[in-house]
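Computed from the coordinates by the stated procedures, all read-outs in this text should not be read as laboratory data. The structure presented is a predicted model; accordingly, all values stated were derived computationally and were not measured. We place every Cβ from the backbone using ideal geometry, glycine too, and count neighbours over all the protein chains shown.
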């Protein structure tokens with residue numbers, strides 16, 4: 001776990017580096033989340049349900065956008081590096097295995113409101129969003 | 001009552017049985033009816049209770065259904081949007097969709113609140129308020145809000161409120177979800193047209209939540225165990241729900257059913273009982289009639305029997321005992337009694353009869369003795385008479401015997417002289433005739449006149465003509481007299497049995513003639529003797545004895561005829577027998593003594609005139625000869641004796657061996 005935490009720090013650095021370029025959307029998290037940045041791998045682990053809890057043991061609640069939406073396809077390709085359809089199948093599979101696939105919110109506002117209110121929540125919103133009461137963990141180009 | 005008493009036993013028995021049946025059946029029917037009523041009431045109550053239970057179940061099910069739905073809806077991922085205040089209106093859309101999908105929720109609505117109680121979304125447009133009604137608070141867990149009115153609606157309702165947990169974490173509450181259900185719908189579930197229903201919340205005091213009963217409601221109806229209640233003059237049977245619903249544990253439903261309706265089947269039961277009673281009464285009546293007949297028949301029989309016995313007095317009858325019961329015993333006892341009575345009666349009758357017999361016997365005996373004594377007396381008299389007679393007889397017999405001997409001797413002695421005389425008479429007649437002839441011749445001799453005259457004179461003197469005439473007459477008369485003497489002597493000889501001892505073949509007519517000759521003086525001219533001799537045959541017999549028989553019979557006949565009469569004597573031969581009939585025209589013999597005339601010492605003559613032995617001896621003689629005597633007589637006309645004798649007597653045979661004791665007889 002601690003080892004992982006080191007990796008996350010690295011990822012965060014990388015992401016921080018990427019922010020220099022015009023960011024497409026940002027990865028936001030509830031302020032209670034005990035990390036400052038996440039790597040693409042860590043993100044991918046979270047959304048592919050390989051990582052369930054934060055370092056302090058808090059449950060990770062990933063928030064996704066609705067299927068077929070532009071941000072989701074971008075997120076799928078760029079962060080998760082997979083096609084939406086494959087991911088949908090994967091999440092269905094995981095759902096039947098008893099895991100909770102990432103929650104779906106249909107707008108940046110709702111994702112933001114959700115992440116703001118739900119401890120351990122993590123989501124992605126358009127980079128243009130006015131962010132408040134959330135922790136930005138990464139920016140995705 | 002009197003009529004009742006005067007009825008027959010069978011009727012009384014039947015009526016009593018029938019009354020017992022009626023009472024028993026009425027009581028049974030009453031009990032059955034009462035039990036049926038209780039049972040029906042209880043079952044009605046039970047069924048009402050069941051019914052209310054069902055109703056409560058339905059209510060519970062409705063709540064369950066609502067709760068299930070609510071619970072399901074809280075699990076919707078959409079509810080996560082409550083976190084974000086439903087910025088996308090997804091929750092609102094979903095709730096509206098659900099309301100549509102679930103049949104408008106029967107008029108209810110779904111409300112979603114955030115964790116602060118702020119209304120986030122609802123299935124209906126709510127403009128008035130945006131916070132959770134106070135009645136629903138607090139919502140710690142799934143809860144049911146009883147009947148109430150809140151700001152969402154003017155109509156009363158129930159509501160189910162539950163917290164919503166986030167789909168991603170049960171620990172994380174996203175808000176509240178509530179569903180309302182209109183009270184009117186609930187009432188629809190409970191009420192129906194058949195019953196009066198009462199929904200009560202059981203508390204202290206109980207609260208009536210719903211009721212379709214007009215007017216005030218007795219609290220006891222809710223609390224108590226009353227099963228019958230009167231409302232507005234109508235009786236109802238009440239049933240209470242016995243179960244508790246987990247959603248509304250303090251709810252209780254009371255159902256009322258009109259008693260009339262509930263007990264409709266009771267009327268049927270009553271009717272059936274009545275029908276059963278009627279149906280039962282038919283075989284019962286028949287059975288009673290049969291039974292009373294069975295029971296009273298022997299009584300009737302007994303009664304008839306007693307009546308019969310009483311009227312007829314016939315004690316030999318017996319009752320036919322058919323049963324072994326009391327009546328049988330009675331009949332048996334009666335039979336025994338009758339038997340005893342009969343025995344006693346028979347005994348009595350026997351005694352009476354014996355007494356009568358005894359009396360009769362006594363009388364008879366007295367009579368017998370009297371008559372016997374009379375007879376004895378008569379006999380004695382007779383015996384005395386007979387003895388006297390016998391004495392006279394013996395004297396007579398001795399006299400006769402002596403006389404007989406005398407006569408026999410005289411006859412014997414006379415026989416020779418008479419013989420001389422008789423034998424000399426013809427000689428004398430001849431001599432006289434010669435003398436007369438001589439005289440005539442002498443007179444006619446030529447002689448002188450004087451001599452002649454002298455002779456004539458002498459002839460005239462002696463009256464020769466008359467002398468001639470007389471002398472011949474005298475001779476004839478002498479001859480006749482001698483002849484008669486000879487005859488008499490001869491008869492006496494033969495009659496006096498001088499030749500008796502010898503069995504001879506004789507002409508019976510001679511004996512008869514001898515007898516008639518001896519009795520000539522009796523006959524004289526007064527009695528005409530008609531002789532009709534046709535036998536003309538020798539008969540072998542003891543002639544003397546037979547002559548004695550003739551003597552007796554003819555003498556009796558002559559005596560019977562008195563002054564004048566005709567004695568008819570006939571002989572003839574008939575079947576090798578000699579038949580001699582001697583008839584007289586005398587006084588006859590009466591029929592009552594005709595059987596006794598042959599008895600010894602029987603006589604109708606005066607004492608001394610007859611011995612009573614004549615016919616008896618005659619009978620004996622004829623019988624000894626193997627013949628018999630018959631007598632026929634008619635009083636006033638005469639008597640006829642008929643003697644049958646064998647031509648050849650059986651005595652002839654005896655003769656060889658038996659030598660008649662002629663000497664001895666002579667001695668007698």
Provide a whole-number value for the mean count of partner chain Cβ atoms within 10 Å of the Cβ atoms in peptide A:97-103.
-> 2
Between residue B:537 and residue B:8, the two model label points (7 Å from Cα along the beta-carbon direction) sit apart by a distance in nm of 9.4
Residue A:58 to residue B:244: FRET efficiency via 1/(1 + (r/R0)^6), r the Cβ-Cβ distance, R0 51 Å, to the nearest 0.05?
-> 0.70
Among B:81, B:470, rank each residue by its count of other Cβ atoms within 10 Å, from fewest to most, as a rough exposure measure.
-> B:470, B:81
From the C-alpha gyration tensor of chain B, pull out the three semi-axes of the equivalent ellipsoid (sqrt of 5λ each), sorted largest to smallest, in whole Å.
-> 183, 24, 21
Got a sec? How would A:96, B:431 order by Cβ neighbour count within 10 Å, fewest to most?
-> A:96, B:431
Run the quick spin-label model on residue B:416 and residue B:232: label points 7 Å from Cα toward the beta carbon, then report their separation in nm to one decimal.
-> 18.8
Mean separation of Cα contacts under 8 Å (at least 6 apart) over the residue count of chain B, i.e. the relative contact order in percent, is 9
Two-site FRET efficiency, residue B:381 against residue B:623, from Cβ-Cβ distance with R₀ of 30 Å, rounded to 0.05 | 0.50
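Return the average number of partner chain Cβ atoms within 10 angstrom of each residue Cβ along peptide A:114-121. Each step should come with its number before you reach the end.
Working: counts 9, 2, 2, 8, 8, 3, 3, 6.
Taking all residues of A:114-121 together, the mean is 5.
Residue separation times 0.36 nm, minus the C-alpha to C-alpha distance between residue B:184 and residue B:648: what's the value? Walk me through the numbers on the way to the answer.
Values: separation 464, 0.36 × 464 = 167.04 nm, distance 16.84 nm.
Net length gain for the segment: 150.2 nm.
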Pulled fully out, how much extra length does the chain show between residue B:141 and residue B:453, if you take 0.36 nm times their separation in residues and subtract their Cα-Cα distance?
-> 88.2 nm
Mean residue ellipticity at 222 nm from the helices of chain B, using -39,500 (n - 2.57) per DSSP H segment of n ≥ 4 over the full residue count, to the nearest 500 deg cm²/dmol?
-> -19500 deg cm²/dmol
Can you give the angle from 0 to 90° between the axis of helix B:508-518 and the longest principal axis of chain B, with both taken from C-alpha atoms, to the nearest 10?
-> 70
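How do B:237-246, A:78-87 rank on mean C-beta neighbours within 10 Å, highest first? Present the calculation step by step, with values, prior to reporting the outcome.
Details: B:237-246: 19.5, A:78-87: 15.2.
Answer by packing, highest mean first, reads B:237-246, A:78-87.
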What do you get when you divide the Cα radius of gyration of region B:523-631 by 2.2 N^0.38 Å, with N the number of residues?
-> 1.09
How many Cβ atoms of partner chains, on average, are near each residue of B:632-641 if near means within 10 Å of its Cβ?
-> 0
May I ask you to sort B:360, B:73 by Cβ crowding, counting other Cβ atoms within 10 Å and putting the fewest first?
-> B:360, B:73
Using 7 Å Cα-to-Cβ label points, what is the residue B:391/residue B:212 separation (nm, one decimal)?
-> 15.8
Given the protein assembly as shown reduced to its alpha-carbon atoms as identical point scatterers, what log10 I(q)/I(0) does the Debye formula return at q = 0.05, 0.07, 0.09 Å⁻¹?
-> -0.69, -0.85, -1.04
FRET efficiency for residue B:274 and residue B:46, using Cβ-Cβ distance with R0 set to 22 Å, rounded to 0.05 = 0.25
Based on the mean of other Cβ atoms within 10 Å per residue, sort peptides B:152-160, B:106-114 so the most packed one is first.
-> B:106-114, B:152-160
Okay, which of region A:91-112 sit inside 16 Å, backbone N to the point 7 Å along the Cα-Cβ direction of residue B:75?
-> A:95-101
Orientation-averaged projected area, Cα convex hull of region B:1-147 (nm²) | 16.9
If the chain between residue B:521 and residue B:605 were fully extended at 0.36 nm per residue, the gain over the current Cα-Cα distance would be 28.3 nm
Within 10 Å, count the other beta carbons around each residue, average over each peptide in B:200-213, B:179-192, B:365-378, and list them highest first.
-> B:179-192, B:200-213, B:365-378
